[in-house]
Amino acid sequence: ISNGIREELISMGVSSDRIDLIYNPIPIKNIDFVTRSGTQNHFIYIGRIDYSGQKNVSELIKAFNQLNGIWHCDLYGNVNKDTKERLLKLANKNTLKNISFKGFYNNVWNHIETADVLILTSKYEGLGMVLCEGATRGIELVSSDCPMGPSEIVNKNNGYLYTPGKVKELKNILNNFITKKVTLSSQSEIKKSVEKFSFDIYALKVA
């Protein structure tokens with residue numbers, strides 16, 4: 001499902017001619033764009049919410065603690081009480097005012113009315129399907145350049161990668177949106193950037 005996994009299998013001795021890279025497919029047709037805020041400072045996070053495990057949400061909070069200007073982030077996903085308390089304790093006063101834990105939804109996209117940038121801070125992924133899902137809805141992407149996945153999705157046409165663990169690097173990317181030092185890519189361009197993950201392309205690869 002990703003080139004990273006393909007390379008890992010090859011390193012374990014599996015012959016490359018026995019491996020087909022097909023990716024996980026996503027629906028692209030008939031998917032509506034999510035409305036932008038008009039100020040490119042409305043961030044979202046979607047996924048399991050842990051502290052410093054795979055999803056590494058504490059890194060996101062640390063970056064938020066260094067942000068300037070006006071911004072907001074909605075966090076969607078399961079989080080247990082202890083983890084939420086630790087994240088809230090890590091957050092400074094400004095961050096606490098600007099983050100909202102929205103909880104888990106079976107179809108989260110039905111509950112997201114506004115978003116400019118989707119952020120992923122994972123330490124590792126299989127592919128990072130939430131990035132693809134966000135891009136099909138015209139949302140700019142910011143992700144850690146973690147092993148397997150994000151670097152195959154995020155590119156100059158849809159967002160930015162940062163070095164895992166480099167909180168200042170992530171903070172600078174987000175600040176650039178807030179201050180309008182950079183502008184969001186067009187929603188149609190972002191959607192087009194992930195067409196290789198469509199069901200149509202997937203069907204051709206597995207036929």
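The values are calculated or read from the model by the stated rules, or taken from the named source; none is laboratory data. Keep in mind the model is a prediction, meaning the values are calculated, not measured. Every residue, glycine among them, receives a Cβ derived from its backbone with ideal geometry; neighbour counts consider all protein chains shown. Heads up: the accessible areas ignore ligands, DNA and RNA and are worked out on the full protein's heavy atoms, side chains in. Shrake-Rupley method; radii C 1.70, N 1.55, O 1.52, S 1.80 Å.
Only residues that are at pLDDT below 95, open to solvent by less than 60 Å² (accessible area, probe 1.4 Å) and part of a helix (DSSP H, G or I) were counted across the range 148-179, and they come to 3.
Sub-7 Å Cβ pairs linking a first residue in the range 68-94 that is basic (Lys, Arg) to a second residue that is open to solvent by 20 Å² or more (accessible area, probe 1.4 Å), at least 6 apart or interchain, are Lys84/Phe101; Arg86/Tyr51, ordered by first then second residue. Taking the stated definitions as given, is Lys89 open to solvent by 80 Å² or more (accessible area, probe 1.4 Å), over 16 Å from the mean Cα position of the chain (by Cα) and within 29 Å of Ile178 (Cα to Cα)? Yes; evaluated as a whole, the condition is true for this residue.
Output the residues belonging to the range 180-196 that are assigned to a loop (DSSP other than H, G, I, E, B), surrounded by 13 or more Cβ atoms within 10 Å (Cβ to Cβ) and in contact (Cβ under 8 Å) with a residue 40 or more places away in the chain.
Leu184, Ser185, Ser193, Val194
Restricting the range 4-19 to residues that are at pLDDT 80 or above and β-branched (Val, Ile, Thr) leaves a set whose member that is nearest to the chain's Cα centre (by Cα) is Ile10. Among the residues of the range 93-135, just one is open to solvent by 30 Å² or more (accessible area, probe 1.4 Å), of a type in the set (Ser, Thr, Tyr), at pLDDT 95 or above and assigned to a loop (DSSP other than H, G, I, E, B), namely Tyr105.
Which of the residues spanning the range 37-55 are part of a loop (DSSP other than H, G, I, E, B) and out of contact with any Gly (no Cβ under 8 Å at 6 or more places or on another chain)? Ser37, Gly38, Thr39, Gln40, Asp50, Tyr51, Ser52, Gly53, Gln54, listed by residue number. Based on this model, can you work out whether Gly138 counts as surrounded by 13 or more Cβ atoms within 10 Å (Cβ to Cβ), at pLDDT 95 or above and farther than 30 Å from Glu85 by Cβ? Yes.
Among residues that are among the polar types (S, T, N, Q), part of a helix (DSSP H, G or I) and touching a strand residue (DSSP E or B) at 6+ places or on another chain (Cβ under 9 Å), Thr83 is not included.
Among the residues of the range 25-50, write down those that are open to solvent by 50 Å² or more (accessible area, probe 1.4 Å) and either without any contact (Cβ under 8 Å) to a residue 12 or more places away in the chain or not hydrophobic (A, V, I, L, M, F, W, C) (or both).
The answer is Pro27, Lys29, Asn30, Asp32, Thr35, Arg36, Gly38, Thr39, Arg48.
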